[in-house]
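What follows is a single structure, written as structure tokens, with notes after it.
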Amino acid sequence: MPLALLALAVSAFGIGTTEFVMMGLLPNVAGDLHTSVPTAGHLVSAYAIGVVIGAPLLTALGSRIPRKRMLLLLMALFVVGNLASALAPGFGWLVAGRVLAGLPHGAFFGVGAVVAARLVADGRQARAVATMFLGLTVANIVGVPAATLLGQHLGWRATFLVVTVIGLIAMAALARLVPYVPLDAHQSVGRELRALGSRQVLLGLLTAVFGFAGVFAVYSYLASMTTEVMGFSESSVTLVLALFGIGMTLGALAAGPLTDRALRPTLYGSLTALALVLVAFRFTVHIQWAALATVVVLGAVGFMTTTPLQMLVMQKAKDAPTLASASNHSAFNLANAGGAWLGGAAIAAGWGWTSPTLVGAVLTVIGLAIAAAAGLMDRTTKEPAKGASRVIAAGSPHTPDQQVSASSPASGS
């Protein structure tokens, strides 16, 4: 794999850390800014709003900017957003900083996925995208727990200052390691919007909204389940979240090769497994060792859905995949918000702490049904969807010194 993928993974690590760390810092932020924990919870939503708005908007605005430069600009905005969060004088300013930090999230992963796919030979593109996403999963194992501990001991502002430094390191790595990747000579906002309007792309985004919502219906309340149902102490919450992160990493490692080999079967299989594991978790959560094992498996099968979904929308968007790829992250964040809301509604209705598992299973089954319907339409219209190698790496004819071919690995220099 090219070293450029390392730069993308480092960037993903920083983005993943700042996205999820707020969940562990809510009590600290609430106490310091003299607000309630539920009110501080709006900071999680603020980041998600930034992602949903920024993914299509910034991708469209940057459609004619060379992809390496676009990655650097997006990471610079990420740095500014986290620095603004660290220096926020009040709650309102912190909300604004969180929105600002979330704006480049989807666009970065959208552009980054297209770049990653173009850095490697056909047949290895899903593995390249999964490698970038490994940074996101490692953030949940190392970055989020470490940043949470840092915030608890040195204050939440220190956490965002450290994430700012990680962003600067990522910018240096991107500048040094990512080669020039050409734009399609005919790329335009209109072309990207037409690609986004494809029926198969829209069905792929809808699959992400429902399928991935099943994960967050449970993940959002995993800390409470740990103490209220599993019977562990509060100090064990970090360990349980780290186990979920380990599962995510295992899922990402498996998803790349499987998606390259058979895209739709990997998607169907991961969604089916996710629904079954969510139902099983309702029962295993009462047995400590079984609950911990299920948490790992849940993270694995949950995150295994992300790579085939990402590659599917890129494939169906054909030679204008960037906006569709970025919009997929808007879909994931809608899934985060929707899953958390529906899981919380089930708990508030008095159905118990384990009720989000069944809510998540239902959402996942809906996502699976949408994916299956899209696959049936694919076969009816005779649109091939085998593997991920059909993702088009659009670009004009190039010279070896200046541009990266989609059919041969690129060097990291």
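The values are calculated or read from the model by the stated rules, or taken from the named source; none is laboratory data. These figures come from a predicted structure and were not determined experimentally. Neighbour counts are summed over all protein chains in view; Cβ atoms, including those assigned to glycine, are modelled from backbone coordinates with ideal geometry. Side chains are part of the model used for accessible areas, which takes the heavy atoms of the whole protein and leaves out ligands, DNA and RNA. Shrake-Rupley method; radii C 1.70, N 1.55, O 1.52, S 1.80 Å.
Could you say whether any residue in the range 237-246 is at pLDDT 85 or above, in contact with a helix residue (DSSP H, G or I) (Cβ under 7 Å, 6 or more places away or on another chain), surrounded by fewer than 22 Cβ atoms within 10 Å (Cβ to Cβ) and not hydrophobic (A, V, I, L, M, F, W, C)? Scanning the range 237-246, I find no residue that is at pLDDT 85 or above, in contact with a helix residue (DSSP H, G or I) (Cβ under 7 Å, 6 or more places away or on another chain), surrounded by fewer than 22 Cβ atoms within 10 Å (Cβ to Cβ) and not hydrophobic (A, V, I, L, M, F, W, C), so the answer is no.
Identify, please: which residue in the range 38-97 is in contact with a Ser or Thr (Cβ under 9 Å, 6 or more places away or on another chain) and basic (Lys, Arg) and is, among those, farthest from Gly339 (Cα to Cα)? Looking at the filtered set, the residue picked out is Arg64.
This table checks each residue for (1) buried (at least 20 other Cβ atoms within 10 Å of the Cβ); (2) charged (D, E, K, R); (3) over 23 Å from Pro179 (Cβ atoms); (4) touching a residue at least 40 places away in the same chain (Cβ under 8 Å).
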{"residue": "Ser11", "(1), (2), (3), (4)": "yes, no, no, yes"}
{"residue": "Ala55", "(1), (2), (3), (4)": "yes, no, yes, yes"}
{"residue": "Pro66", "(1), (2), (3), (4)": "no, no, no, yes"}
{"residue": "Met70", "(1), (2), (3), (4)": "yes, no, no, yes"}
{"residue": "Trp93", "(1), (2), (3), (4)": "no, no, yes, no"}
{"residue": "Ala101", "(1), (2), (3), (4)": "yes, no, yes, yes"}
{"residue": "His105", "(1), (2), (3), (4)": "yes, no, yes, yes"}
{"residue": "Gly112", "(1), (2), (3), (4)": "yes, no, no, yes"}
{"residue": "Val115", "(1), (2), (3), (4)": "yes, no, no, yes"}
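Determine if the range 299-309 includes at least one residue that is more than 19 Å from the chain's Cα centre (by Cα), more than 19 Å from Glu228 (Cα to Cα) and not in a helix (DSSP H, G or I). Checked against the condition, which is being more than 19 Å from the chain's Cα centre (by Cα), more than 19 Å from Glu228 (Cα to Cα) and not in a helix (DSSP H, G or I), the range 299-309 yields no hits at all. Filtering the range 14-53 to residues that are hydrophobic (A, V, I, L, M, F, W, C), crowded, with 18+ Cβ neighbours inside 10 Å and farther than 22 Å from Ala331 by Cβ leaves Val21, Leu25, Leu26, Val29, Ala30, Leu33, Ala40.
Taking the condition surrounded by fewer than 24 Cβ atoms within 10 Å (Cβ to Cβ) and in contact with a Phe, Trp or Tyr (Cβ under 6 Å, 6 or more places away or on another chain), does Ile366 pass? For Ile366, the condition - surrounded by fewer than 24 Cβ atoms within 10 Å (Cβ to Cβ) and in contact with a Phe, Trp or Tyr (Cβ under 6 Å, 6 or more places away or on another chain) - is met.
Examine the range 281-297 for a residue that is at pLDDT 85 or above and within 30 Å of Val114 (Cα to Cα), and state whether such a residue exists. So far as the range 281-297 goes, yes, one or more of its residues are at pLDDT 85 or above and within 30 Å of Val114 (Cα to Cα).
Scanning the range 284-314 for residues that are out of contact with any Ser or Thr (no Cβ under 7 Å at 6 or more places or on another chain) and open to solvent by less than 10 Å² (accessible area, probe 1.4 Å), which turns out farthest from Val52 (Cα to Cα)? By that ranking, first place goes to Val295. Residues that are part of a helix (DSSP H, G or I) and without any contact (Cβ under 8 Å) to a residue 60 or more places away in the chain within the range 24-43 comprise Leu26, Pro27, Ala30, Gly31, Val37, Pro38, Thr39, Ala40, His42, Leu43, listed in sequence order. Against the numbered list (1) of a type outside the set (Ser, Thr, Tyr); (2) outside any helix (DSSP H, G or I); (3) under 16 Å from Phe212 (Cβ atoms), Ala273 comes up short only at (2). Cβ separations smaller than 8 Å between residues 6+ apart or across chains give the following pairs from the range 74-91 residues that are within 18 Å of Met22 (Cβ to Cβ) to residues that are aliphatic (A, V, I, L, M) and not in a helix (DSSP H, G or I): Gly90/Leu33; Phe91/Leu33. The condition (being at pLDDT below 85, aliphatic (A, V, I, L, M) and crowded, with 18+ Cβ neighbours inside 10 Å) is satisfied by just one residue among Ala348, Ala324: Ala324.
Which pairs do you get when a residue that is closer than 21 Å to Gly302 by Cβ and without any contact (Cβ under 8 Å) to a residue 24 or more places away in the chain, found in the range 348-360, comes within reach of a residue that is open to solvent by 30 Å² or more (accessible area, probe 1.4 Å) and part of a helix (DSSP H, G or I), reach meaning Cβ atoms under 8 angstrom, with the pair 6+ apart or on two chains? That search, which allows pairs on different chains as well, returns Ser355/Ile347.
Screening Phe281 with (1) under 18 Å from Gly16 (Cα atoms); (2) over 19 Å from the mean Cα position of the chain (by Cα); (3) open to solvent by less than 40 Å² (accessible area, probe 1.4 Å) gives one miss only, at (1).
Taken together, the criteria exclude Ala30 from residues that are under 25 Å from Ala173 (Cβ atoms) and small (Gly, Ala, Ser).
Looking at this structure, is Arg69 more than 17 Å from Leu26 (Cβ to Cβ), basic (Lys, Arg) and either in contact with a strand residue (DSSP E or B) (Cβ under 8 Å, 6 or more places away or on another chain) or in a helix (DSSP H, G or I) (or both)? Spelling it out, Arg69 is indeed more than 17 Å from Leu26 (Cβ to Cβ), basic (Lys, Arg) and either in contact with a strand residue (DSSP E or B) (Cβ under 8 Å, 6 or more places away or on another chain) or in a helix (DSSP H, G or I) (or both).
Among residues that are at pLDDT 95 or above, open to solvent by 10 Å² or more (accessible area, probe 1.4 Å) and more than 29 Å from Thr238 (Cα to Cα), Leu83 is not included.
Annotation: of all residues in the range 227-255 being among the polar types (S, T, N, Q) and in contact (Cβ under 8 Å) with a residue 60 or more places away in the chain, the one that is farthest from Ala128 (Cα to Cα) is Thr238.
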